[in-house]
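One structure is given here, and the rest of the page talks about it.
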Amino acid sequence: MELDQRKQTILNAIIRTYLETGEPVGSRTISKYTDLNLSSATIRNEMSDLEEMGFIVQPHTSAGRIPSDKGYRYYVDSLVQEKTREVSVMNSLMIARTNRMEELLKQVVKFLANQTNYTTMISAPTYKGNKVKFIQLSRVSPTQLLNVVVIEGNIVKNHIIDLPEPIDEETVLKLNLLLNTRLNGLTLAEINLGLISNIKEEAGGHAAVINDVLDTIAEVIRAETDENMQIYTSGANNIFRYPELADSQSASRLITTIEDKSHLRDLVKETEKNDSGETGIQVYIGDESPVESMKDCSVVTATYDLGEGMQGTIGIIGPKRMDYEKVMSNLKEVQKSLNDIFRSSSDNPAEE
């Protein structure tokens, strides 16, 4: 059933306030909560209409209103439509940005390799501290649920949950409200054992569904930051410029590492873990390197930050006698340029 904008706003305000407080919601509360600039009397009339339409109920005389199952259903369906539109728009923007970003990052590593005469790498930005944005459970059959998890950055994961026994629509609705109320806006680190225990207790006999949703959240965050990390390299042949690295065994190990990328991902993760957040630049000399095949090298890395939690790593690999001053100067220049380019583009979304 379609509601006009005023009724939608009032219904949403009632539901959100009730979810936060657990107490019936009165017209005076709504008049302060919304930006409709309506009197309490007008809001009471609208609430009476919503009650007649079955979207809210009055638990007892002189009390405020609470949402009915029909009100919850309207709220959740509207939320799903809104989030679906958001994901669609953001996916289009991210595809366009990703295509341009890939070309730019390839140019960056080539530029650095030419400037320094060393081997260079850069990781495509990934979201740090990813937060849960939206969870939607939908019945596929009485014993199957489609679990859709959206993580900050509009990373979407779909997963089918097989149930040991049938589940009805009303229970699915309540699980959706429980999961979104408790988990939205939290990072994986913030979803602690105490919170999980409370959610499972509220879920009653459906703790297995909660487990599956939490597993999916963990999986999508870890997959996004690890296995799907894109790394671009340039200047591998520069290794042969330096006799201490150019013998067949050392050079072969290094080139294999650079081509394989998995060890470079380990370097990126180590860099992120040790990043103090001050300059974002770290220097690994010889045995300090987290990558075994780079123990004869020096590696200098820098973190670049595109805003909104998006970060990546730039790295320069060379002999221990590398020109550290020149390397760090080039890294700072590229670091600043990347930060400026993408923060500027995010301020002008029409250009996307």
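The ellipsoid equivalent to the alpha-carbon distribution of the range 5-67 has semi-axes of 15, 13, 11 angstrom, derived from the gyration tensor eigenvalues as √(5λ) and listed largest first. For Thr21 and Asp69, the difference between the fully extended length at 0.36 nm per residue and the C-alpha to C-alpha distance is 15.5 nm.
Computed from the C-beta positions of Lys32 and Thr256, the FRET efficiency with R₀ = 56 Å rounds to 0.30. Between Asn117, Ala218, Pro164, the Cα set farthest toward the positive side of the dipole of the range 114-265 (charges on each charged residue's Cβ, about the Cα centre) is that of Asn117. The simple Förster model, with R0 at 35 Å and r as the Cβ-Cβ distance, assigns Val156 and Asp4 a FRET efficiency of 0.65. Each Lys or Arg adds one and each Asp or Glu takes one away; over the other residues whose Cβ falls under 10 Å from the Cβ of Arg73, this sums to -3. Once the Kirkwood radius over Cα pairs is known for the range 132-225, the Stokes-Einstein relation at 20 °C and 1.002 mPa s delivers a diffusion coefficient of 161 µm²/s.
Sum up the charges of everything whose Cβ sits under 13 Å from the Cβ of Asn158, counting Lys and Arg as +1 and Asp and Glu as -1, but leave Asn158 out. Taking every Cβ under 13 Å from that of Asn158, the sum is -1.
With the simple model of a label 7 Å out from the Cα in the direction of the Cβ, Ile196 to Ala246 spans 5.5 nm.
For the residue pairs Lys133/Lys174; Lys106/Lys157; Lys106/Lys326; Lys110/Lys261, the alpha carbons lie more than 25 Å apart in Lys106/Lys157.
The calculated FRET efficiency for the pair Asp323 and Thr181, based on their C-beta separation and a Förster distance of 51 Å, comes to about 0.40.
No lab work stands behind these numbers, since they all come straight from the coordinates. Keep in mind it's a predicted model, so treat the numbers as computed, not measured. Heads up, the Cβs are rebuilt from the backbone with ideal geometry, glycines too, and the neighbour counts pull from every protein chain shown.
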